[in-house]
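These notes are about the structure you will find just below.
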Amino acid sequence: MSDTPKRQGNTTEHLLNTPHGSQPYTASAQWQTLYENDQPVAELFYVAYTGGDPNGDPDPAQRPITFVFNGGPGAASAYLHVGALGPRRVVFNPDGSLPRPPVQVTDNAESWLSFSDLVFIDPLGTGFSRAQANEKSDASDDNKSPGSAKGNDKPDGKPDEKSKKFWAVERDLNALGEFIQGYLSAHHRWLSPVFIAGESYGGFRVAKLARKLQQDYGVGLCGAILISPVMEFMLLGGNDYSLSGWATVIPSMAATAVYHGQVATDDNPAAHGAKAADFARKTLIPLLALGSTAAAADQQRVFGELAELIGLPAELVQRHRGRIDITVFARELLRHQQKILGLYDGSVTAIDPFPDRLLSEGTDPTLEGIDRMFTGAINSHLRSTLGVNTTLTYNLLSFEVFKAWEFLPEGEYRQGFAGSVDDLRVGMALNPYLQVYITHGIYDLVTPYFSSEHLKDLMNLNPELRHNLTLRHFQGGHMFYTWDESRRLWFEDMRRFYQRAT
């Protein structure tokens, strides 16, 4: 088996200081090689944190181990890594809003390291993960200019074909499966309680891997954690012929409207969202399903109720026939204040730079706005704290990967939507001990929490498995863990979840 010299990572020792006490841990930032036909094809970058057993167990292999990744597709693991789970985190304002520069990083009192070892994986094309170098490529980074990727990035900055073959649903899942299998072997962790956690499209990965890891890679799972997941892409918006996507976002709109004081109610955002969910199930979907056969009086009544729930003018809701796109809601809720909402966190607002134009032409404050926070935090942490010495650019969020992603397998008709709930159901049936936890932020308009509630209602789980599925949602948006109180509540919830799952 031929190979080329691996990139050099680094291993360091640290101490995590929290109000609950101090915990020593080892951080290992490395590249792991992936193979095809015994030939190296890629190197996935990862950071592993291993800590001492809080119960004094002398065998560290008995500690749970959690493999973590984000989504996109095209996102590195930095969001969960330095946002919520790792021993160091980037500092936001208490309500999750952005502080003024420069970026600050601090010890994370809510790090999951207190109850699990953690392995953060950057899928190919993200972070420092790259396709394997060509035979004629220099095996070191020394002769590469800053920002170049060995054997992967062309001079124009666009990835080559070696990387693109990994940017498909099944190939991506197999890469993660191979990585996890290889890590367990290399570090003698096959007998450890294994968990997987993923955010957004990473939640889609988790649902798929709940089946694939057990069925194809022989990895038994204790727990699967889906964070702000998209599990069925048909629910990302709606059209004239698909109704559920219009309904599942209504509770998030309703909660957001209460947060901004645009609804006349004494309910808190979560309680108002629950009423909107009941309305969406029992009133809105049946009316939309009637189409043009619905009586005009019924349409006027239902659309009027919807307008009151989500804080928009009744005339606007009538004009859109109850089908309110998230971009319309984000533009119109606070139009009178010349403000727009973040799509990934509707509680976040920004000044509308073009308030007099017909369509919104500003950027999303919850997507572009946070890049500086996570880019600064992850680069400082990896290069300074963990001592990773590389000239590679850390790709936080690659739109090249996102645009090139193939959702449907080759050979199948390129129709329909990708989905993962069936795989999750199979994974839970294969292993009736598998605990599944799904969580969202209630102000997330892109992957709304009611989508997962709706899918749970349609899963038809066997009564023996229903208690294995937990759904809980928090104040905040797509990355609700940037809110201090939500992160603390989630941490305590996950501590109990791990105890139950092991």
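Does Tyr481 meet the test of being aromatic (Phe, Trp, Tyr) and part of a loop (DSSP other than H, G, I, E, B)? Explain how you work it out, then say what you get.
Details: aromatic (Phe, Trp, Tyr): yes; part of a loop (DSSP other than H, G, I, E, B): no.
So Tyr481 does not fit the description; no.
Between Ala296, Ala271, which is more than 17 Å from Tyr241 (Cα to Cα) and over 29 Å from the mean Cα position of the chain (by Cα)?
Only one candidate passes the filter, namely Ala296.
Out of Ala109, Ala75, Ala48, report the one residue that is over 21 Å from Gly182 (Cα atoms) and crowded, with 19+ Cβ neighbours inside 10 Å.
Just one listed residue meets the conditions, Ala75.
Scan the stretch 463-470 and give yes if some residue there is in contact with a Phe, Trp or Tyr (Cβ under 6 Å, 6 or more places away or on another chain), within 22 Å of Leu113 (Cα to Cα), of a type in the set (Ser, Thr, Tyr) and in contact (Cβ under 8 Å) with a residue 40 or more places away in the chain, otherwise no. Before you say what the answer is, go through the steps one by one.
As a first pass, look at the stretch 463-470 and keep what is in contact with a Phe, Trp or Tyr (Cβ under 6 Å, 6 or more places away or on another chain): 470.
In the following step, the residues that additionally are within 22 Å of Leu113 (Cα to Cα) were identified as 470.
Now narrow it down to the ones that are of a type in the set (Ser, Thr, Tyr): 470.
Adding the requirement that they be in contact (Cβ under 8 Å) with a residue 40 or more places away in the chain leaves none.
No: the stretch 463-470 contains no residue that is in contact with a Phe, Trp or Tyr (Cβ under 6 Å, 6 or more places away or on another chain), within 22 Å of Leu113 (Cα to Cα), of a type in the set (Ser, Thr, Tyr) and in contact (Cβ under 8 Å) with a residue 40 or more places away in the chain.
In the stretch 327-362, what residues are surrounded by 22 or more Cβ atoms within 10 Å (Cβ to Cβ) and either of a type in the set (D, E, K, R) or not in a strand (DSSP E or B) (or both)?
Here is the first cut: in the stretch 327-362, the residues surrounded by 22 or more Cβ atoms within 10 Å (Cβ to Cβ) are 329-330, 333, 340-342, 344-348.
Passing the criteria: Phe329, Ala330, Leu333, Gly342, Tyr344, Asp345, Gly346, Ser347, Val348.
Exactly one condition in (1) of a type in the set (Ser, Thr, Tyr); (2) crowded, with 17+ Cβ neighbours inside 10 Å; (3) part of a helix (DSSP H, G or I) is false for Ser384; which is it?
(2)
Quick grid of which residues meet (1) crowded, with 22+ Cβ neighbours inside 10 Å; (2) part of a helix (DSSP H, G or I); (3) over 16 Å from the mean Cα position of the chain (by Cα); (4) not β-branched (Val, Ile, Thr):
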site: Thr391; (1), (2), (3), (4): no, no, yes, no
site: Arg425; (1), (2), (3), (4): no, yes, yes, yes
site: Met428; (1), (2), (3), (4): yes, yes, yes, yes
site: Tyr437; (1), (2), (3), (4): yes, no, no, yes
site: Thr447; (1), (2), (3), (4): yes, no, no, no
site: Asp457; (1), (2), (3), (4): no, yes, yes, yes
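List the residue pairs whose Cβ atoms are under 7 Å apart, where the first residue sits in the stretch 100-115 and is assigned to a loop (DSSP other than H, G, I, E, B), the second is of a type in the set (Phe, Trp, Tyr), and the two are 6 or more positions apart or on different chains.
Every condition considered, the pairs that remain are Glu110/Phe491; Phe115/Tyr498.
I'd like to check which helices (runs of 4 or more DSSP H) are fully inside the stretch 184-277 and have at least 1 residues that are outside the structural domain of Arg496 (by TED's automatic domain parsing) and surrounded by 18 or more Cβ atoms within 10 Å (Cβ to Cβ).
Where helices (runs of 4 or more DSSP H) fall fully within the stretch 184-277 and carry at least 1 residues being outside the structural domain of Arg496 (by TED's automatic domain parsing) and surrounded by 18 or more Cβ atoms within 10 Å (Cβ to Cβ), they are 244-248, 250-259.
Taking the stretch 471-496, which residues are surrounded by fewer than 15 Cβ atoms within 10 Å (Cβ to Cβ), free of Cβ contacts under 8 Å to residues at least 24 places away in the same chain and either under 30 Å from Leu284 (Cβ atoms) or not acidic (Asp, Glu) (or both)?
Hit for the stretch 471-496 is Arg496, nothing else.
Sort through Gly52, Gly125 and tell me the only one that's touching a helix residue (DSSP H, G or I) at 6+ places or on another chain (Cβ under 8 Å), within 22 Å of Phe195 (Cα to Cα), modelled with pLDDT under 95 and not hydrophobic (A, V, I, L, M, F, W, C).
Selected residue: Gly52, the only one of Gly52, Gly125 that is touching a helix residue (DSSP H, G or I) at 6+ places or on another chain (Cβ under 8 Å), within 22 Å of Phe195 (Cα to Cα), modelled with pLDDT under 95 and not hydrophobic (A, V, I, L, M, F, W, C).
The values are calculated or read from the model by the stated rules, or taken from the named source; none is laboratory data. None of the values given here were measured: they were computed from a predicted structure. Backbone-built Cβ (ideal geometry, glycine too); neighbour counts: all protein chains shown.
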